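These notes concern the structure reproduced below.
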């Protein structure tokens, strides 16, 4: 035991806590419909603090967050989304195309907070530990940080929507980040208009949840 932990007992996670944790994971949803109300003061920083508790390869902490407050930059992001979304629509036909066109796939217009998330692919931190054979571990580490914020945000009745219908290189240009930062996600953050425990795409008939057995194998 290190000196930092000497005399400190780990917390007990009882059955009540485990049930509540299950509820949190079930009710963590990708939010598209936001209220325009601003977040409570300090809330976004509280959410980001939880991201920094995430595991990372070699303790490299490669995540980089950029708060997008500029209306001009937000407008450029929205324009890129609309262009990419229109291009994606042309990949579908018939009833599937109609359904796609009806989906609200981003809360960019209403969400009070926009957050661009990147991974530093050449961080000094970590000294390269654990990523020589799998450099993509930096990207995976950043996604674990996103999941931590997502769960904490939901516990505080804050919704997060992950916008993936964007051109990564265009986003990097708009936000003006170093070339060795890879784009991971663009997040809309705010209070949801409605909270639900069912994925929206399942509700509208786009894709049902698949049983675990389909994706689990043994060797």
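Taking neighbour counts of Cβ atoms within 10 Å as a proxy for exposure, in what order, fewest first, do 131, 219 appear?
Least to most surrounded, the residues fall as 219, 131.
Can you give the % of DSSP beta bridges in the chain that are antiparallel, to the nearest 5?
If we restrict to bridges inside the chain, about 95 percent are antiparallel.
If you fit an axis through the alpha-carbon atoms of helix 15-27 and take the longest principal axis of the Cα set of the chain, what angle between them do you get, 0 to 90°, nearest 10?
Helix 15-27 sits at roughly 30 degrees to that axis.
Using Cα pairs closer than 8 Å and at least 6 residues apart in sequence, work out the relative contact order for segment 131-219, in percent. Numbers along the way, then the final one.
Values: 48 pairs, mean separation 21.7, N = 89.
Rounded, it is 24 percent for segment 131-219.
Give me the number: length gained by fully extending residue 110 to residue 16, i.e. 0.36 nm times residue separation minus the C-alpha to C-alpha distance, one decimal in nm.
Length gained, residue 110 through residue 16: 30.3 nm.
Comparing 94, 42, 130, which has the greatest mean-square fluctuation in the GNM of the chain with Cα pairs linked when under 10 Å apart?
Maximum among the listed residues: 94.
Which one, 49, 91, 14, has the greatest fluctuation when you compute a Gaussian network model over the chain with C-alpha springs under 10 angstrom?
Result: 14 has the largest fluctuation of those listed.
Quickly estimate the mean residue ellipticity at 222 nm for the chain, helices only: each DSSP H run with n ≥ 4 gives -39500 (n - 2.57), and the total goes over all residues, rounded to 500.
Taking each H run of at least 4 residues, the total per residue is -11500 deg cm²/dmol.
Nearest 10 degrees, 0 to 90: what angle lies between the long axis of helix 71-89 and the longest principal axis of the chain (Cα atoms)?
So the inclination is approximately 70 degrees.
Pairs of alpha-carbon atoms within less than 8 angstrom and 6+ residues apart define the contacts here; what relative contact order does segment 32-193 have, in percent?
Reported relative contact order: 41 percent.
Measure nothing but the geometry: give the 0 to 90° angle between the long axis through the Cα atoms of 137-155 and the longest principal axis through the Cα atoms of the chain, rounded to 10°.
Taking Cα atoms only, the helix is inclined about 80 degrees.
Bear in mind that the values in this text are calculations on the coordinates, not laboratory data. Everything quoted here is computed from the prediction, not taken from an experiment. For neighbour counting, all protein chains shown are included, and Cβ atoms are generated from backbone atoms with ideal geometry for every residue, glycine included.
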